[in-house]
Ligand SMILES: [Zn+2]
């Protein structure tokens with residue numbers, strides 16, 4: 001489905017550092033009226049013009065997963081990633097007490113929530129994608145949905161796993177959660193070549209650790225810990241070849257194409 005009014009005004013400079021020295025990379029495959037630009041000054045790729053936040057919801061509800069389906073292979077890759085993410089949280093913030101409340105924004109099928117529940121935590125996940133929620137509810141956890149339940153306790157740790165690269169206005173999206181102490185964030189680790197070559201799958205930002213720091217610091221966050229990690233080959237294969245058998249199970253993808261930036265931030 002095509003939304004001609006999805007887009008805001010075209011930018012002639014980098015939205016992060018305001019440099020005019022930005023390079024036009026290629027047309028954005030998912031947003032045909034936009035182009036992906038790269039700013040060499042702050043190492044940041046961006047969709048230009050940016051989609052309008054209010055219209056994006058319709059886009060995700062109608063188009064995002066139309067040609068995709070969930071499977072056991074997808075679930076295994078998501079659970080593998082979720083396990084590594086929880087390990088990173090525990091290594092950074094220490095073992096949490098059982099009354100720690102987790103909220104996963106953009107939870108997909110709910111892999112993280114499933115693991116948190118198994119560990120005995122109070123956790124809920126929200127996602128716009130009806131297919132992901134349906135699949136997750138049938139197979140992994142009932143504590144996911146389109147909205148946060150009205151009686152849900154104030155979260156201590158918010159998770160944004162492969163989510164903020166979809167938000168046109170990251171600052172506005174994160175500031176809604178100013179009362180939450182810790183934010184776990186994971187995004188794909190991009191560079192100019194990755195932004196140029198990879199199908200964008202609706203991403204409107206392409207970050208290196210440097211540009212991600214700029215954006216989060218400008219939003220009022222302090223980065224407590226940050227690292228880059230290779231994600232298992234299974235994730236790539238589950239996304240692209242989910243119906244085929246494959247022999248690369250568990251391999252690590254090469255840097256620059258298949259690495260992620262993983263971090264914990266707190267409000268300054
Ligand atoms: Zn810049």
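Here, each number is a calculation from the coordinates, and none is a lab measurement. Note that this is a predicted model, so its numbers are computed, not measured. Ideal geometry is used to build each Cβ from the backbone, glycine not excepted, and the neighbour counts take in all protein chains shown.
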Counted neighbours (other Cβ, 10 Å), sorted fewest up, put 43, 90 in the order 90, 43
When 161, 202 are arranged by how many other beta-carbons sit within 10 Å of their Cβ, fewest first, they go 202, 161
Cα convex hull volume per residue for the range 109-167, in Å³, equals 94 Å³
Across all Cα atoms of the range 37-172, Rg and the largest Cα-Cα distance (Dmax), in Å, are 16.1, 46
Between residue 224 and residue 154, the two model label points (7 Å from Cα along the beta-carbon direction) sit apart by a distance in nm of 1.6 nm
Label model pair residue 72, residue 201: point-to-point distance (7 angstrom along the Cα→beta-carbon line) in nm is 2.2 nm
In nanometres, the difference between 0.36 nm per residue of separation and the alpha-carbon distance of residue 18 and residue 91 is 22.7 nm
Quick note on 194, 201, ordering by fewest other C-beta atoms within 10 Å, gives 201, 194
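For a test of the definition: using alpha carbon positions, the gyration tensor, and the 1.5 limit on a/c, classify the range 121-234 as rounded, prolate or oblate.
Judged from the Cα gyration tensor, the range 121-234 comes out oblate (a/c at least 1.5, b/c at or above a/b).
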